[in-house]
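Every read-out reported here was derived from the displayed coordinates using simple, explicitly stated rules and does not represent laboratory data. Since the model is a prediction, treat every value here as computed from it, not as a measurement. Here the Cβ positions follow ideal geometry from the backbone for every residue, glycine too, while neighbour counts run over all protein chains shown.
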Amino acid sequence: MFVLVGPRQVVRGALRVVTATVQAVESLPRIAAALEDVRATLHQVERLAAYIAQEVPELVYQLEQLREEDLSRESPRTG
């Protein structure tokens, strides 16, 4: 199959392969940096989720206390 392809086309194809390979290798540091940013963000999300998980029960307790106080302030309704 390559016998039918002219030498110029083979050289062009090889240059395209080399160019694509160089571009891919040059982009690796940017990809690594982006992955590190994603890892850092996920770590922050984990910390936030842990904080929320710890605070939700306290929040529910406080809301229940407020509701009880509000209900005790209401005067009994007479019809």
HN-Hα couplings for segment 21-26 via Karplus (6.51, -1.76, 1.60; θ = phi - 60°), in whole Hz with x for Gly/Pro, come out as 5, 4, 4, 5, 5, 5
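Over every pair of different alpha-carbon atoms in the chain, take the mean of 1/r and invert it; report that Kirkwood radius in Å.
19.5
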Expected unfolding gain across residue 33-residue 64 under the 0.36 nm per residue rule, minus the alpha-carbon gap, is 6.5 nm
Residue 20 and residue 40 label points (each 7 Å along its Cα→Cβ direction) are spaced in nm at 3.3
Candidate cut points under GluC sites (Glu not before Pro) in segment 25-79, DSSP loop plus at most 10 other Cβ atoms within 10 Å of their own Cβ, are 74
